[in-house]
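**Q** Okay, here's the structure, questions in a sec.
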Amino acid sequence: MIRKVFAKSAFFLRIIFVVGLFLILIIGGFTYRHIYNLTDSTKQVVSTYKVNVELEKVISYLKDAENGHRNYILTKDTTYLEPYLSAREKVNESFAELKEIANHGENQEENLKVLSKYIDALFTNFSETSTFISGDETLSEAFKTNFFEEKIIMDSIRQKVNEMIDFENSLLKKHQEQYQSNLKFTPLFLYLVLLITLVLIIISYYKINVDFKNIRLINSQLLIFKEAAVQLEIIGKHGNWVWHIDKEKYTFSDNLYRVLGEKPGSFVPTFENFISFVHPEDKEKFAKDVEDMMKNEDLPFIYYRIVQKDGTIKHIKGYGKLLINNEGEKRIVGNITDISDEIERFLEIEERNLELEKNNAELSEFNYVASHDLQEPLRKIQTFISRLEEKEAKNLSSFGSQYLERIKVSATRMRLLIDDLLQFSRTNKPDKEFVLTNLNELLENAKQDVTETILEKKAIITNDVLPTVLVIPFQVHQLFLNLLSNSLKYSKTAEAPVIKIEYSLINSKDDHNLINVSKSNYHKITFSDNGIGFEQQYAEQIFELFNRLHNKQEYSGTGVGLSICKKIIDNHNGVITAQGEPQVGSIFKIYLPE
Amino acid sequence: MPNDYINIILADDDEDDRLFFTDAFDELKMNTKVSTFNDGVELMAYLNSDDAILPNVLFLDLNMPLKNGIECLNEIKANNKMSDIAIAIYSTSASEEDIEETFVLGANIYIKKPSSFKQLKKVLSEVVSMNWQYHTNGLNKDNFLMRL
Amino acid sequence: MKLFIKFDFNTICKKVLETKLEELDIKYKILAFGEVELLERVPSETYETLNNALNEYGIEIVENQKSILVQKIKDAIIEMVFNEEATVNVKSSVYLSEKLEHSYGYLSNLFSEVTYTSIENFIIIQKIEYTKQLLLTTDLSLTEIAFKLNYSSVAHLSTQFKNATGITPSAFQRIISKRRSIAQQKN
């Protein structure tokens with residue numbers, strides 16, 4: 001979870017960094033372009049002014065020439081021709097300069113050509129006029145015409161220069177306007193970009209701050225975990241080791257030393273030092289296991305013993321696993337656990353189990369042998385009693401006959417008890433075979449076993465069709481027989497017994513008697529009678545061995561029959577319940593898993 | 001054929017039981033000859049001897065020293081010469097399964113030793129009479145199963 | 001010439017018995033003086049032939065008359081049980097006294113005297129034997145057998161079976177089939 005958050009955060013920060021870098025590049029680009037434009041503009045202005053100045057200069061030189069020329073005409077003094085001649089040179093110089101700087105498109109070049117033509121025309125005219133002066137035809141018609149032409153050319157030059165200056169100025173103005181408009185948006189844009197960058201930086205700062213806080217929190221948690229792990233190691237008797245394969249270096253946790261019965265850090269953590277603690281008998285196997293671990297880079301659970309310095313032997317369980325970190329470093333991280341207590345307890349339980357099993361077997365053997373072997377002398381006692389009755393009855397006094405009768409009754413009762421006890425111990429024996437059996441047959445056989453009583457008591461027995469179930473046939477036969485006998489035995493003297501046997505297949509969820517059972521479907525067989533019943537409070541007790549609810553003079557039960565039923569049902573993983581109402585009857589419900 | 005007598009043998013290690021047994025037959029007056037053996041070894045030694053008169057019915061106690069009833073039963077069933085003997089297991093008690101097991105091993109009759117002399121006489125006379133029926137009426141002896 | 005003969009009645013008698021029994025193809029065993037055991041059931045006609053043959057030599061089967069009659073009773077009962085049609089709606093006592101031309105009381109007393117059992121019991125034994133045979137040799141259910149043998153219900157037959165043998169029909173079937181599977185394993 002935490003890892004995921006950080007991964008997300010790192011990705012986010014990376015995006016912000018890239019976006020910020022991009023924005024700064026944009027800002028740089030714009031600034032460069034802006035400054036470049038500014039320089040360009042200044043150059044433009046300078047060149048426009050230079051052009052204008054040169055043009056003015058040209059006009060001025062022409063005026064000087066004109067002036068000199070006129071002065072010469074008026075005075076005929078050739079000294080006035082001096083400025084005229086130098087003007088001619090200077091005009092040429094300026095014109096060359098102009099040609100160089102006035103590079104503002106074809107239009108201006110055309111204008112310069114026209115201007116040059118005009119200037120040439122003007123100077124031609126000057127020389128022509130001069131010839132008139134030397135001929136002194138100053139006031140001649142031709143002179144006048146020439147002079148007038150001069151004026152026209154001069155005016156044309158002026159006009160052309162003005163035109164050119166105007167063009168330059170308009171060009172400059174246009175340029176200036178464009179520059180102005182550029183200048184208007186750039187700062188705003190830059191400002192916006194800066195603002196966005198700032199926001200990004202703030203977000204990044206916040207994000208980094210949050211991450212940092214989280215890291216601190218996790219760090220403190222890690223610290224707690226680490227402490228907990230150390231404590232756990234102590235409580236659980238674990239020790240942790242790390243083997244840095246590449247560096248051939250080991251680290252042992254403090255508690256690993258304690259498990260070995262040493263003080264933390266009391267020896268250098270090496271494999272050789274560790275194996276010196278391993279029990280001599282286990283050393284070979286341990287070395288082999290570790291070799292396998294190196295080969296497979298994985299260690300299954302291994303078990304061995306260690307001997308502490310004071311001679312105490314401890315049972316150890318070990319496990320290890322290869323870890324490769326991001327740098328490709330290989331380490332095997334492993335744990336050892338002191339399982340001596342566990343093993344001791346396990347051995348103890350096993351021993352006790354064996355003892356219990358033995359006791360149980362002995363007990364049931366004793367029960368069986370006792371009841372079986374007791375039968376023999378008892379049977380003989382009974383047979384001798386019967387012989388006495390037959391042969392010696394006449395020789396006995398009335399007391400003697402009475403005592404003999406009492407002995408007979410007691411012997412009979414003892415026989416009943418022993419028979420039942422034997423039957424009970426037989427149901428106790430395990431390893432019975434389960435056979436798919438038609439319960440109707442078993443019920444029919446059980447009924448046949450009590451035919452005499454049924455006829456004698458005129459009992460009415462009705463039953464539903466029973467299913468075929470996987471059971472121990474002899475035991476279920478016994479179960480049915482005992483339930484039938486029980487109902488017949490505890491019947492009312494004045495009323496013929498009526499026994500109803502009902503069957504249904506039910507779901508364990510639908511019956512409150514089937515709580516905590518393993519199977520979902522159960523065969524429910526109900527034996528209900530109209531006998532003397534019993535108080536509901538004894539419903540649990542009647543299944544206990546030798547538990548009787550009735551006086552033995554009235555009813556001949558031994559209190560074993562229903563215990564046998566319970567035992568049989570237990571053997572079948574079923575449930576048996578009793579329900580009774582005095583003088584109304586009793587209901588026995590048995591549930592057998594489907 | 002009233003001159004015929006029924007030849008009966010009992011193998012039982014218990015003296016009292018042997019006494020009850022012979023007394024019962026004495027009182028039954030059924031034209032029987034009863035001989036008894038004290039254990040399985042004695043019994044088998046006699047049966048295997050050349051001049052042995054094989055019994056019509058052999059009563060076997062299960063619980064005998066040296067050689068118990070089941071061992072005797074197995075030996076007899078493995079011997080063709082003795083295949084005609086009806087074998088009655090004569091025992092104190094056993095579980096239903098054990099009873100069935102002895103039948104499966106070839107016993108014809110299973111008798112739980114009764115606890116009164118009268119009952120004993122009744123049981124023994126029923127066994128002899130039933131065996132007589134099988135003997136004289138050509139019934140299939142393989143189907144002779146009886147439990148008392 | 002006078003011949004002095006030394007003879008042994010026992011040997012003569014034994015020789016005559018052996019000859020006659022062998023003529024009639026009867027399996028037998030001579031037990032002691034005056035006692036012969038027939039090893040198989042002999043039909044009453046054969047028995048009579050044997051009796052007559054022996055009479056010529058002055059040998060008499062003791063109480064043969066009673067025995068013959070008892071044998072006749074048994075034959076009649078067996079016929080009655082195994083031949084189902086004969087029994088319908090006829091009481092066995094009536095059937096026997098009519099067939100053998102004696103009062104039922106006489107037959108009954110005679111039978112008990114000779115066979116250690118009563119006529120009624122003998123009928124039951126025969127029926128149970130027939131039931132056993134049917135259970136083992138046919139696929140008939142006990143219900144069908146009860147019907148075939150004229151029992152009022154399957155429960156009646158089942159109870160009678162249990163009373164006569166001490167075991168239930170199903171236990172009987174189980175035991176015999178286990179015996180057979182053991183015998184098969186041995187072979």
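Quick note: the coordinates plus some simple rules give every number you see, no bench work behind them. These figures come from a predicted structure and were not determined experimentally. Because the Cβ atoms are built from the backbone with ideal geometry, glycine has one as well, and the counts that use them run over all protein chains shown.
**Q** At 222 nm, what helix-only mean residue ellipticity would chain A give, in deg cm²/dmol to the nearest 500, using -39500 (n - 2.57) for each DSSP H run of four or more?
**A** When only DSSP H runs of four or more count, the value is -23000 deg cm²/dmol.
**Q** Also, quick follow-up: Can you give the convex hull volume of the alpha carbon atoms of chain A per residue, in Å³?
**A** Roughly 388 Å³ of hull volume per residue.
**Q** Compute the acute angle (0 to 90°) between the alpha-carbon long axis of helix A:280-296 and the principal axis of greatest extent of the alpha-carbon atoms of chain A; round to the nearest 10°.
**A** Long axis of A:280-296 versus the principal axis of chain A: about 40 degrees.
**Q** Compute the FRET efficiency between C:Glu79 and A:Asn428 as 1/(1 + (r/R0)^6), taking r as their Cβ-Cβ distance and R0 = 51 Å, and round to the nearest 0.05.
**A** Efficiency for this residue pair is about 0.45.
**Q** Another question, if that's okay. Between the stretch A:526-594 and the stretch C:140-171, how far is it from one alpha carbon centroid to the other, in angstrom?
**A** The two parts, judged by their Cα centres, are 32 Å apart.
**Q** How do A:Thr453, A:Thr437, A:Thr468 line up, fewest other C-beta atoms within 10 Å first?
**A** Ordered by Cβ neighbours within 10 Å, fewest first: A:Thr468, A:Thr453, A:Thr437.
**Q** Using Cα pairs under 8 angstrom and six or more residues apart, how large is the relative contact order of chain C, in percent?
**A** Result for chain C is 11 percent.
**Q** Roughly what angle does helix C:64-82 make with the longest principal axis of chain C, taking Cα atoms, 0 to 90 degrees, to the nearest 10?
**A** With both axes taken from Cα atoms, the answer is about 30 degrees.
**Q** What FRET efficiency, computed as 1/(1 + (r/R0)^6) with R0 = 60 Å and r the Cβ-Cβ distance, is obtained for A:Lys151 and A:Val193, rounded to the nearest 0.05?
**A** So, using R0 = 60 Å, E works out to roughly 0.45.
**Q** Of A:Thr451, A:Leu378, A:Ala10, which is farthest towards the positive pole of chain A's charge dipole, taken about the Cα centre with +1 and -1 on the beta-carbons of Lys, Arg and Asp, Glu respectively?
**A** A:Leu378
**Q** DSSP loop (so not H, G, I, E, B), at most 12 other Cβ within 10 Å: list which GluC sites (Glu not before Pro) in the stretch A:241-338 pass both filters.
**A** Passing both the DSSP loop test and the Cβ count: A:Glu248, A:Glu327, A:Glu329.
**Q** Could you work out the relative contact order of the stretch B:41-148? I mean the mean sequence separation of Cα pairs under 8 Å and 6+ apart, divided by the number of residues, in percent.
**A** Relative contact order here is 23 percent.
**Q** While we're on this one: Using DSSP to define loop residues, name the trypsin sites (Lys or Arg not before Pro) in the stretch B:12-78 whose beta-carbon has at most 14 other beta-carbon atoms within 10 Å.
**A** B:Lys29
**Q** Another question, then. Going by how many other Cβ atoms sit within 10 Å of their own, how do B:Val104, A:Val465, A:Val45 line up, fewest first?
**A** A:Val465, A:Val45, B:Val104
**Q** How large is the translational diffusion coefficient of the stretch A:2-206 in µm² per second when you combine the Kirkwood radius over alpha carbon pairs with Stokes-Einstein at 10 °C and 1.306 mPa s?
**A** Translational diffusion coefficient: 72 µm²/s.
**Q** Assuming R0 = 30 Å, what is the FRET efficiency of A:Val409 and A:Glu357, from their Cβ-Cβ distance, to the nearest 0.05?
**A** The formula returns an efficiency of 0.15 here.
**Q** Measuring from the lowest to the highest alpha carbon on each principal axis, how far does the stretch B:6-147 reach, largest first, in angstroms?
**A** Largest first, the stretch B:6-147 extends 37, 36, 35 Å along its Cα principal axes.
**Q** From the alpha carbon gyration tensor of the stretch C:11-62, can you work out the equivalent ellipsoid semi-axes (sqrt of 5 times each eigenvalue) and give them in Å, largest to smallest?
**A** Rounded to whole Å, the semi-axes are 15, 13, 10.
**Q** I would also like to ask the following. Which lysines, if any, have their Cα less than 26 Å from the Cα of A:Lys113, not counting same-chain residues under 8 positions apart?
**A** A:Lys43, A:Lys50, A:Lys57, A:Lys63, A:Lys90, A:Lys99, A:Lys151, A:Lys160, A:Lys173, A:Lys174
**Q** For a quick check of your reading of the filter: which chymotrypsin sites (Phe, Trp or Tyr not before Pro) in the stretch A:505-573 sit in a DSSP loop and have no more than 11 other Cβ atoms within 10 Å?
**A** Loop-located and lightly packed - none at all.
**Q** Which of the lysines could be linked to A:Lys226 by a straight reach, that is with a Cα gap under 18 Å, when you skip same-chain ones fewer than 8 residues away?
**A** Filter leaves A:Lys237.
**Q** With an 8 Å Cα cut-off and a minimum separation of 6 or more residues, compute the relative contact order for chain A in percent.
**A** 7 percent
**Q** Quick one: A:Met294, B:Met130, A:Met154, fewest Cβ neighbours within 10 Å first, how do they rank?
**A** Placing the least packed residue first, the sequence is A:Met294, A:Met154, B:Met130.
**Q** Could I ask something else about it? Label A:Asn521 and A:Lys63 with points 7 Å out from Cα along Cα→Cβ: what is the distance between them in nm?
**A** 13.0 nm
**Q** Also: Just the projected area, averaged over all directions, of the convex hull on the alpha carbon atoms of the stretch C:119-187: how many nm²?
**A** Average of the hull's projected areas for the stretch C:119-187 equals 5.0 nm².
**Q** On a straight-distance basis, which lysines could pair with A:Lys213 in a cross-link, Cα separation under 18 angstrom, same-chain partners fewer than 8 positions away excluded?
**A** Output for A:Lys213: A:Lys4, A:Lys8.
**Q** Hey, rough spin-label estimate for A:Gln536 and B:Leu28, points 7 angstrom out along Cα→Cβ, what's it come to in nanometres?
**A** It works out to 5.7 nm between the two label points.
**Q** Under a point spin-label approximation (7 Å from Cα along Cα-to-Cβ), what is the B:Glu96-C:Ser103 distance to one decimal in nm?
**A** Output for this residue pair reads 4.8 nm.
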